[in-house]
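Only one structure is covered here, and it is reproduced in the block below.
A short reminder: the numbers here are calculations on the coordinates, not readings from a lab. Only a predicted model underlies this, so the values are computations on that prediction, with no experimental measurement involved. As a convention, Cβ positions derive from the backbone with ideal geometry for all residues, glycine included, and neighbour counts pool all protein chains shown.
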Amino acid sequence: MTSFAVVRTGQLLTLAGEEPGRWDAPLNVIADGAVWVEDGRIRAVGTTTEVAALLPSGIETKDCGGKGVVTPGFVDAHTHLPFAGHRAEDFALKCQGASYQEVAAQGGGIRRSIGHLRACADLLQVVRRRLGWIRAAGTVAAEVKSGYGLEPEWEALQLEAIQTLQAESDDVYLSPTFLALHGPPPGDPNSRRELLEQAIHQTLPDFARRKLCNAVDAFIEAGYYTQDEARELARAAKQLSLKVRLHVDQFSDQGGAQLAAELGCATADHLEHTSELGFQALAESGTVPVFLPTSVHALRLHKYPEAKAAMEAGLAFALATDFNPGSAPSPSMAFAMHLGCLRMGLSPAQAWRAATLHPAHALGIQRDFGSIEPGKRGAILFWELDDPEEVPYWIDGPRPVRLDL
Ligand code: NIG
Ligand code: FE
């Protein structure tokens, strides 16, 4: 476990002491700031003068010389990290104007990724490399879904890879979700029923017992899975004390937000087409919205989630990457923030909350992540920039450096 101090930062963005959802409060930034981390946990934060008075002698110290920005690490509340292969062929079709649905009809889409997963000789090695991508982009905690296996043994392979990677790396926290209903359902109603029954009665209890996941998820959309199927899955998950997340209202307003609220979901994700009523329902149920603007961008769509309506409903929503090989081939939280600002009207300060503090609450890890304050993990970032508001502004700008590694 690391012990170190960082002193004389240009600006130190702490987000300390903030309640989620205070969208208009000024950002908590300390000029000439310092942080002391002991055994991996933050001991003190303040100005350099304040923290220097507390430091034990001989502690490894990074002196920023009055330059650079220090921030909390990103918390990415929605990724499909354990995928295999790529979908560059789908990308080429999209470049010619094909829609997500048309790409899928031509043999691409989620089905293509299922094929890649099953053909992958060394999934662990592939996922380890992808984990390196999110780490390099400044993510210190991420939700990671299966969903490219469809059948239990392949789904298990994805979640086992995550379990192994978590055991070998304590520098990124991984929160695993079994995405039980994702790929196109079998056309035959009997096999479709069988898939759900198997998930509920066998796969879910088995994964819960093996601690392969702490949540379950489903893609609720016309042509994919139904509200009633989500209800059955959620009921089974609750009995096993697993959390529920749902992909809802991505391509049309299906009342998915209201469904997520009814089922007491921990998060409701996508929500591009959610109405004010939907956001009100989420606020009443305490379900955290997770917006995925990268997928709107990469699918060449134009309808981004209504962030202002969500704020007015009092929601402390999160921004996430949706990192996957099809609709969101980007591990970058900074890019998701960029789109959140330009396409959804967030201020850079609001985007920072949605990329750190709020997703930490959404994943229930706010005691460890989401801000720089005593007691939390010292997973903090240094940026060669002058102002934290530059992070969502630059496109593919400088990479952060993890100070604790
Ligand atoms: O969150 N919407 C469904 N699932 C993913 C896309 C997965 C894929 O295309 O491989 C999403 O956008
Ligand atoms: Fe997704």
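Some observations on this one:
- If the chain linking Ala105 and Leu240 were pulled fully straight, counting 0.36 nm for each residue of separation and taking away their Cα-Cα distance, it would gain 45.0 nm.
- Spin-label model, Gln96 to Glu312: label points 7 Å out along the Cα-to-beta-carbon direction sit 4.3 nm apart.
- Whole-number percent relative contact order across the chain, with pairs defined as alpha carbons under 8 Å at least 6 apart: 21
- 3J(HN,Hα) from dihedral phi, the range 64-81, Karplus parametrisation 6.51/-1.76/1.60, rounded to Hz, x for glycine, proline: 7, x, x, 10, x, 10, 10, 9, x, x, 6, 10, 9, 8, 7, 9, 10, 3
- DSSP finds beta bridges in the chain, and of those with both partners inside it, around 35 percent are antiparallel.
- Potential lengthening between Arg367 and Leu124 on full extension [0.36 nm per residue; Cα-Cα distance subtracted]: 84.5 nm
- Using a cut-off of 25 Å between Cα atoms, the listed pairs Lys211/Lys238; Lys62/Lys376; Lys94/Lys243; Lys243/Lys303 include Lys94/Lys243; Lys243/Lys303 as exceeding that distance.
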